[in-house]
């Protein structure tokens, strides 16, 4: 192998070194781009899940409010009955 390299002209040796460097640079760049693309894809998937999660959290909040109003109404507080019915309609709409 050394004899082969020794017989090459100077410009051929530089071309060989440049080709090896380019191969390494292209490989490293491809790996970096692949990692960035994967991170972008993950971020988009997470962003797509935000809206449904927000809707579920709002439904949970309404359900908890309805539960509290039901508890008040069952305790004998008549003011909560109308509020509970309104909240029940909101919960049904969300479902």
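Once the Cα-Cα distance is subtracted from the 0.36 nm per residue extended length, the residue 4 to residue 91 segment shows a gain of 23.2 nm. Each of 1, 22 has some number of other Cβ atoms within 10 Å of its Cβ, and from fewest to most they run 1, 22.
For the pair residue 11 and residue 30 in one chain, pulling the backbone fully straight at 0.36 nm per residue adds 4.0 nm over the alpha carbon distance.
Here the gap between residue 82 and residue 18, fully extended at 0.36 nm per residue and compared with their Cα-Cα distance, gives a gain of 15.0 nm. Rounded to the nearest 10 degrees, the inclination of helix 10-74 to the longest alpha-carbon principal axis of the chain is 0 degrees.
Direction-averaged projected area, Cα convex hull, segment 15-54: 2.4 nm², rounded to one decimal. Report, to the nearest 10°, how far helix 79-94 tilts away from the longest principal axis of the Cα atoms in the chain, using its own Cα long axis and a range of 0 to 90°. Relative to the chain, helix 79-94 is tipped by roughly 30 degrees. Would you mind classifying segment 8-94 by shape? Square roots of the alpha carbon gyration tensor eigenvalues, ordered a ≥ b ≥ c; an a/c under 1.5 is rounded, otherwise it is prolate if a/b is larger than b/c and oblate if not. It is prolate, given that a/c is not under 1.5 and a/b is the larger ratio.
Coordinate-derived values only; no laboratory data. Bear in mind the structure is a predicted one, so any value in this text is a computation, not a measurement. Cβ coordinates were reconstructed from backbone atoms using ideal geometry, including for glycine residues, and neighbour counts include every protein chain displayed.
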